[in-house]
Amino acid sequence: MSWIKEGELNIIERISANVLKAGPMPKHVAFIMDGNRRFAHINNMERQDGHTQGFNKLAETLRWCKHLNIPEVTVYAFSIENFKRTQEEVDGLMDLARQKFERLLEERENLEKHGVCIRVLGDLNLLPLDLQQAIAKAVLATKNHNNDVSETLITECLYSNKSPNPDLLIRTSGEVRLSDFLLWQTSHSCLVFQSVLWPEYSFWNLCEAILQYQLNHKSIQKARELHREHQASLQLEADRLCTAEELQHHGNGKPTDAHTRQEALLHYITCREERVQNFLTALKHKRDLFFHDLCIEATTA
Amino acid sequence: MVMLYGLLWRLLLLLVHVNRALVSWLRVRLQSWKSRLWERAMASLLLPLALAGFPEQQKKLNRTPGADDNPSHANGGPSPRLRYISDGMSLQKLPVHIGFLVTEEEPSYTDIANLVVWCMAVGISYISVYDNHDIFQKNHSRLLKEIERQQRHLMGGDGHPYNVEFLSNGSDKCHNGKKKSKVTFVFFVLFFPGAKTIPDPELVVKFGPVDSTLGFLPWHIRLTEFIFVPSHRDVSYKDLLGALKLYSSCQQRVGQ
């Protein structure tokens, strides 16, 4: 089954989409795709089939997001905790992932046509090596399909460094927790918990979630702004303290005038930003090298 | 065409707001209508029995929805402290650490103080309070005074008051109390270096219309259940108990 389900929206869906698009739209939506096993149980299917249906639903959801002009989607596919499941289920999930990433490489042109860029977040070292290699190939193959946006230092250091924080996080199947998914990045996101099981997710469920986002948009923007200002003032305060300490340390006991203090502060800020930039460049280089090495291993193996 | 869609969108939002306002108005009306009806029914049924002197029926009269909402020493029933303790013990599981996230613009100190007192009475050891503007953090002494006042009001002169220890950002003191009835009241902001000995909140009750955690303890809420209550203003014990019951019935698979 393909990564991108082809097809257009029907007339009612198109009208609804256009109405929603008149308001503020989330630029990055995150999904916790919960409910595959419950769906399988209810429909007397094998668990593995539930997961396969879940993947099909993902492909369909990506198509809806494309029609709604949502440029970025992150999904919670598998967690470290999920390794506790039975070996059969874990193997089944790994096989599904293998199949899908290999399919992704076959569909590379189609993905380029739709401008799809794949990023995989997390500690890939815990996955089987061949799957790591397939992922590395997929990530490198779709790397240049769009542009990057960078934010604060901690955000940069996380696995999700190239993505802006999600505007909207949707969790299906009725559970009301985050289960360790993107905790930092969703601190100011709109959280929507829906009781529908993931394989039964519909276009209207997505519209409902987006509507919730739109209703909360102003309050959340205000909160984000407040938070940003607060962070900026904390940073300035910290910079001032460090500068004052340095001046005291290097000075010869003479009181410094405002002009000297201001100059020293600006100089300190410039040096700090340069250090941060060097650190981030080194980190990015390390990450790119990780994926390149995996690909080289795969081709020589 | 674009303008038409814009108008339709505004209409849609208006309809949703009207719908929400109607639902919350109906909920309040229905509650007060139900409780008045119930009180009248009980009064008319039980007054003759009460006059005839049936002690069991007296207890039933005491247990009207009004009394359930906010038990206090004024009821003249069993000690409210015992009532709270038995409520806490009747739940399958009780959070060790509960968080109250207030997304409403103007917080009410009395209502938050009530919540804190009820939580302490029911047996919860750690209580966090958070609002987006850090109002409680900045005015924590006012909140603590309010908590003491409400403790006296809700518990009466019954027993010794709870020992509340207050922690805030930067503090690394956390005594695991050897004293009885020890409760730690915590204010958190994003980074809390001393929080190593404090357990993560198992339950966060969110008040207000904003569907976001607004920066509340991002690193500590990985397995936290969220329960939503429309407003913290005039929140009742029944609301809190309802949230605790919901929490006690939820199952976490933790990846399995």
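The values are calculated or read from the model by the stated rules, or taken from the named source; none is laboratory data. The shown structure was predicted, so the numbers you read here are calculated from the model rather than taken from an experiment. Please note: Cβ atoms are built from the backbone with ideal geometry, for glycine as well, and neighbour counts cover all protein chains shown. Calculation scope for accessible area: heavy atoms of the full protein, side chains included, ligands and nucleic acids excluded. Shrake-Rupley method; radii C 1.70, N 1.55, O 1.52, S 1.80 Å.
Count, please, the residues in segment A:1-57 that happen to be β-branched (Val, Ile, Thr) and part of a loop (DSSP other than H, G, I, E, B).
1
Could you give me the residue pairs with C-beta distances under 6 Å whose first residue belongs to segment B:195-216 and is part of a helix (DSSP H, G or I), whose second residue is surrounded by fewer than 24 Cβ atoms within 10 Å (Cβ to Cβ) wherever it lies, and which are 6+ apart or on separate chains?
Filtered contacts from segment B:195-216: B:Thr197/B:Cys174.
Restricting the search to segment A:109-129, which residues are exposed (fewer than 15 other Cβ atoms within 10 Å of the Cβ) and in a helix (DSSP H, G or I)?
Residues satisfying the conditions are A:Glu109, A:Asn110, A:Glu112, A:Lys113, A:Asn125, A:Leu126, A:Leu129.
Filter segment A:97-107 down to the residues that are in contact (Cβ under 8 Å) with a residue 12 or more places away in the chain and either within 13 Å of another protein chain (Cβ to nearest Cβ) or assigned to a helix (DSSP H, G or I) (or both) and list them by number.
Taking segment A:97-107 and keeping what is in contact (Cβ under 8 Å) with a residue 12 or more places away in the chain, we get A:97-98, A:100-105, A:107.
If the condition is that a residue be in contact (Cβ under 8 Å) with a residue 12 or more places away in the chain and either within 13 Å of another protein chain (Cβ to nearest Cβ) or assigned to a helix (DSSP H, G or I) (or both), then A:Ala97, A:Arg98, A:Lys100, A:Phe101, A:Glu102, A:Arg103, A:Leu104, A:Leu105 are the ones that fit.
Filter segment B:217-226 down to residues that are more than 7 Å from chain A (Cβ to nearest Cβ) and either among the basic types (Lys, Arg) or assigned to a loop (DSSP other than H, G, I, E, B) (or both), then give me how many there are. Explain how you work it out, then say what you get.
Here is the first cut: in segment B:217-226, the ones more than 7 Å from chain A (Cβ to nearest Cβ) are B:217, B:220.
Now restrict to residues that are either among the basic types (Lys, Arg) or assigned to a loop (DSSP other than H, G, I, E, B) (or both): B:217.
Going through segment B:217-226 one residue at a time, the tally reaches 1.
Could you tell me whether segment B:134-141 includes any residue that is touching a residue at least 60 places away in the same chain (Cβ under 8 Å) and hydroxyl-bearing (Ser, Thr, Tyr)? Walk me through it before giving the result.
First, pick out the residues of segment B:134-141 that are touching a residue at least 60 places away in the same chain (Cβ under 8 Å): none.
Checked against the condition, which is being touching a residue at least 60 places away in the same chain (Cβ under 8 Å) and hydroxyl-bearing (Ser, Thr, Tyr), segment B:134-141 yields no hits at all.
Test B:Asp239 against the stated conditions and say whether it is acidic (Asp, Glu) and either surrounded by 15 or more Cβ atoms within 10 Å (Cβ to Cβ) or within 7 Å of another protein chain (Cβ to nearest Cβ) (or both). Before you say what the answer is, go through the steps one by one.
Working: acidic (Asp, Glu): yes; either surrounded by 15 or more Cβ atoms within 10 Å (Cβ to Cβ) or within 7 Å of another protein chain (Cβ to nearest Cβ) (or both): yes.
Answer is yes for this residue.
For every residue, the table says whether it meets (1) open to solvent by 20 Å² or more (accessible area, probe 1.4 Å); (2) without any contact (Cβ under 8 Å) to a residue 60 or more places away in the chain; (3) under 16 Å from B:Arg81 (Cα atoms); (4) of a type in the set (D, E, K, R).
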position: B:Phe100; (1), (2), (3), (4): no, no, no, no
position: B:Ser108; (1), (2), (3), (4): no, no, no, no
position: B:Leu115; (1), (2), (3), (4): no, no, yes, no
position: B:Ala121; (1), (2), (3), (4): no, yes, yes, no
position: B:Ser128; (1), (2), (3), (4): no, no, no, no
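Considering each of A:Asp91, A:Asp167 in turn, give the residue that is among the acidic types (Asp, Glu), at pLDDT 80 or above and surrounded by fewer than 18 Cβ atoms within 10 Å (Cβ to Cβ). Walk me through it before giving the result.
Numbers: A:Asp167 fails: surrounded by fewer than 18 Cβ atoms within 10 Å (Cβ to Cβ).
The match here is A:Asp91.
Condition first: closer than 14 Å to A:Leu168 by Cβ and open to solvent by less than 50 Å² (accessible area, probe 1.4 Å). Now tell me which residues in segment A:33-74 satisfy that.
The answer is A:Thr61, A:Trp64, A:Cys65, A:Leu68, A:Ile70, A:Glu72, A:Val73, A:Thr74.
Name every residue in segment B:242-254 that is surrounded by fewer than 20 Cβ atoms within 10 Å (Cβ to Cβ) and among the hydroxyl-bearing types (Ser, Thr, Tyr), in order of residue number.
B:Ser248, B:Ser249
Hand me the list of helices (runs of 4 or more DSSP H) wholly inside segment B:1-96 holding 2 or more residues that are at pLDDT 70 or above.
Working: elements: B:2-52, B:55-62, B:65-69, B:80-90.
By residue number, B:2-52, B:80-90.
Out of segment B:229-256, which residues are assigned to a loop (DSSP other than H, G, I, E, B) and farther than 13 Å from B:Pro95 by Cβ?
The first filter runs over segment B:229-256 and keeps only residues assigned to a loop (DSSP other than H, G, I, E, B), leaving B:230-236, B:250-256.
If the condition is that a residue be assigned to a loop (DSSP other than H, G, I, E, B) and farther than 13 Å from B:Pro95 by Cβ, then B:Pro230, B:Ser231, B:His232, B:Arg233, B:Asp234, B:Val235, B:Ser236, B:Gln251, B:Arg253, B:Val254, B:Gly255, B:Gln256 are the ones that fit.
Out of segment A:66-96, which residues are away from chain B (no Cβ under 14 Å) and either touching a helix residue (DSSP H, G or I) at 6+ places or on another chain (Cβ under 8 Å) or of a type in the set (D, E, K, R) (or both)?
If we filter segment A:66-96 for residues that are away from chain B (no Cβ under 14 Å), which is where we start, we get A:66-67, A:70-75, A:91-92, A:94-96.
Those that are away from chain B (no Cβ under 14 Å) and either touching a helix residue (DSSP H, G or I) at 6+ places or on another chain (Cβ under 8 Å) or of a type in the set (D, E, K, R) (or both): A:Lys66, A:His67, A:Glu72, A:Val73, A:Val75, A:Asp91, A:Gly92, A:Met94, A:Asp95, A:Leu96.
Table: residues versus (1) part of a helix (DSSP H, G or I); (2) open to solvent by 70 Å² or more (accessible area, probe 1.4 Å); (3) more than 30 Å from A:Pro128 (Cα to Cα); (4) in contact with a Lys or Arg (Cβ under 7 Å, 6 or more places away or on another chain).
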| position | (1), (2), (3), (4) |
| --- | --- |
| A:Gln248 | yes, yes, yes, no |
| A:Thr256 | no, no, yes, no |
| A:Arg261 | yes, yes, yes, no |
| A:Glu274 | yes, yes, yes, no |
| A:Leu280 | yes, no, no, no |
| A:Lys284 | yes, yes, no, no |
| A:His292 | yes, yes, no, no |
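Are there any pairs with C-beta distances below 9 angstrom linking a residue in segment A:12-26 that is in contact (Cβ under 8 Å) with a residue 60 or more places away in the chain to a residue that is β-branched (Val, Ile, Thr), with the two at least 6 apart or on different chains, and if so which?
Filtered contacts from segment A:12-26: A:Leu20/A:Ile210; A:Gly23/A:Ile210; A:Met25/A:Ile70; A:Met25/A:Ile210; A:Pro26/A:Ile70; A:Pro26/A:Ile210.
Could you list, in sequence order, all residues of segment A:226-245 that are free of Cβ contacts under 8 Å to residues at least 12 places away in the same chain and of a type in the set (S, T, N, Q)? It would help to see each step written out before you state the result.
As a first pass, look at segment A:226-245 and keep what is free of Cβ contacts under 8 Å to residues at least 12 places away in the same chain: A:226, A:228-230, A:232-238, A:241, A:245.
The answer is A:Ser233, A:Gln235.
Would you pick out the residues in segment A:74-92 that are within 21 Å of A:Leu182 (Cα to Cα) and part of a helix (DSSP H, G or I)?
A:Ile80, A:Glu81, A:Asn82, A:Phe83, A:Lys84 - these are the residues of segment A:74-92 that are within 21 Å of A:Leu182 (Cα to Cα) and part of a helix (DSSP H, G or I).
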